[in-house]
Ligand code: ATP
Ligand code: ZN
């Protein structure tokens, strides 16, 4: 009898052990097979710093990627590829990278397939047509039969074609703004932000072709497991953007002003109101949008708000 029980326990133990071992190997296999997403960002240029910053703000630590082609994120299933911006749409289109961060100007010039997923709000500029300062501009027909130098022949060609204008488009890859000055072209289509480069080259901006910002692009045929990682990343990006576009505000107000103050503060739901130690006064907490900031502050002061504190928000999850 005693022996029987021992034998029984032994088999139970053996089965449990076998189960644990197979479970261990199963988990290990799952770990090594875990899907990772590849993101392409600009190696060095106007978008590189901001792209890295955005990933950092999303809580993603990149294992020292300086001077490397690819670097893994240590705490998120993401590998970062550092490339020239012009190559990013093509790499995303053919699946070498799954997603990428690049200017819309480059996406529309280089790719038909890559899907624009989300606007990132930095790298803002415009692709504009510019002509010599002393020329008189009428309308788009000005460009009929003119020689235009640009690094964006696709976008420019489409733009002119839609407006029934035929021009002689010359693709040049750098220093487009000097083309009219050296007699290479009558006009240019180039990226502008302040317009100072145009001005110092004797040119004036006459027509905006495209307003551009950095965007997140994705391969249109991402497999489900990669899409899941992208959704997670996008969730974090949106939380970061909301946080930078909003501020946390605290103020003191006499109780008789509370109704008016509540109406001024939209907040996420309604403002938090707590009584102060001093009778007849309350502390009001809320969240306000950056673009309405000064307008809201002025109205709060007029309504009797005092001791207004404004605090940056690190992340905002709704
Ligand atoms: P790469 O070596 O990666 O090819 P690049 O010289 O082509 O770099 P950058 O000058 O770094 O590119 O610009 C990258 C992107 O920054 C542009 O494609 C555009 O979307 C954006 N950008 C924002 N402002 C400007 C601006 N004033 N001039 C040019 N690009 C701008
Ligand atoms: Zn480039």
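Every read-out reported here was derived from the displayed coordinates using simple, explicitly stated rules and does not represent laboratory data. Because the structure is predicted, anything quoted here is derived from the model rather than measured. Here the Cβ is made from the backbone with ideal geometry for all residues, glycine too, and neighbour counts use every protein chain on show.
Here are the numbers for the structure shown:
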| quantity | calculated |
| --- | --- |
| Rounded tilt (10° steps) of 2-33 against the dominant C-alpha axis of the chain | 10 degrees |
| Segment residue 145-residue 290, length gained on full extension (0.36 nm per residue, minus Cα span) | 47.6 nm |
| Nearest-0.05 FRET efficiency for residue 173 and residue 224, computed from C-beta distance (R0 30 Å) | 0.15 |
| Part-to-part distance (alpha-carbon centres) for segment 261-303 and segment 176-248, which is given in Å | 36 Å |
| Spacing of the two label points (7 Å from each Cα toward its C-beta) at residue 184 and residue 276, in nm | 6.6 nm |
| With Cα atoms, 0 to 90° folded angle of helix 48-57 axis to the chain main axis | 30 degrees |
| Degrees between helix 224-245 axis and first principal axis of the chain (Cα, 0 to 90, nearest 10) | 70 degrees |
| Length added when fully stretched, residue 69-residue 34, from 0.36 nm per residue minus Cα-Cα | 10.4 nm |
| Difference of contour (0.36 nm per residue) and Cα-Cα distance, residue 154 to residue 248 | 29.4 nm |
| Sites residue 138 and residue 84 - FRET efficiency at Förster radius 41 Å, r taken between beta-carbons, to 0.05 | 0.60 |
